[in-house]
1. Report every pair of residues separated by at least 6 positions or lying on different chains whose Cβ atoms are under 8 Å apart, first residue within the range 46-59 and without any contact (Cβ under 8 Å) to a residue 12 or more places away in the chain, second assigned to a strand (DSSP E or B) and open to solvent by less than 90 Å² (accessible area, probe 1.4 Å).
2. Considering only residues that are in contact (Cβ under 8 Å) with a residue 12 or more places away in the chain and either over 30 Å from R97 (Cβ atoms) or in contact with a Cys (Cβ under 9 Å, 6 or more places away or on another chain) (or both), which ones fall in the range 1-34?
3. I need a count of the residues in the range 43-78 that are of a type in the set (S, T, Y) and more than 9 Å from the chain's Cα centre (by Cα).
4. Only one of these conditions is not met by T16: (1) modelled with pLDDT of 85 or more; (2) under 17 Å from I85 (Cα atoms); (3) open to solvent by less than 90 Å² (accessible area, probe 1.4 Å); (4) more than 14 Å from the chain's Cα centre (by Cα). Which number is it?
5. Any residue that is surrounded by 15 or more Cβ atoms within 10 Å (Cβ to Cβ) and on the phi > 0 side of the Ramachandran plot - is there at least one of those in the range 21-33?
Amino acid sequence: MKNELLQLVEEDLKATKEKFPTFSAGDTINVHYKIKEGNKERIQQFQGTVIQIRNQNSNGETFTVRKISSGVGVERVFPILSPQIDKIEVLRKGKVRRARLFYLRGRKGKAARIKEHL
């Protein structure tokens, strides 16, 4: 009984996860997420580079997106199964050699560029 319920929940979560495109560290993505202000709800976009994906292929999977806003680095962690995420668009596929791109935190300008994977 308990296993059947768990399987149903996991299948539902898997279907939710499959509606998003596949992406990896180094990709530039645009995350559309819902923000609630008072009794209104709107969609805000967060566009940046994926610097890490944690707990991949599990229900607790999260990804961190980094962008530069007014000369200040801004990072945001998104749970992949969050109902607040409306959609994810992959804008560029990055060509990187590692899974975690924390070295980008110390770089700015042209030094922080990532080559595009063709």
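The values are calculated or read from the model by the stated rules, or taken from the named source; none is laboratory data. In this text, all values refer to a predicted model and were calculated from it rather than measured experimentally. Glycine gets a Cβ as well: all are built from the backbone with ideal geometry, and neighbour counts include every protein chain shown. When the accessible area is computed, the model is the full protein with side chains, heavy atoms only, and any ligands, DNA or RNA have been set aside. Shrake-Rupley method; radii C 1.70, N 1.55, O 1.52, S 1.80 Å.
1. R54/T62; R54/F63; R54/T64; N55/T62
2. E10, L13, T16, K34
3. 3
4. The number of the failed condition is (1).
5. Pass one, the range 21-33, residues surrounded by 15 or more Cβ atoms within 10 Å (Cβ to Cβ): 23-29, 31-33.
If we keep only those that are on the phi > 0 side of the Ramachandran plot too, we end up with 26.
Scanning the range 21-33 turns up at least one residue that is surrounded by 15 or more Cβ atoms within 10 Å (Cβ to Cβ) and on the phi > 0 side of the Ramachandran plot.
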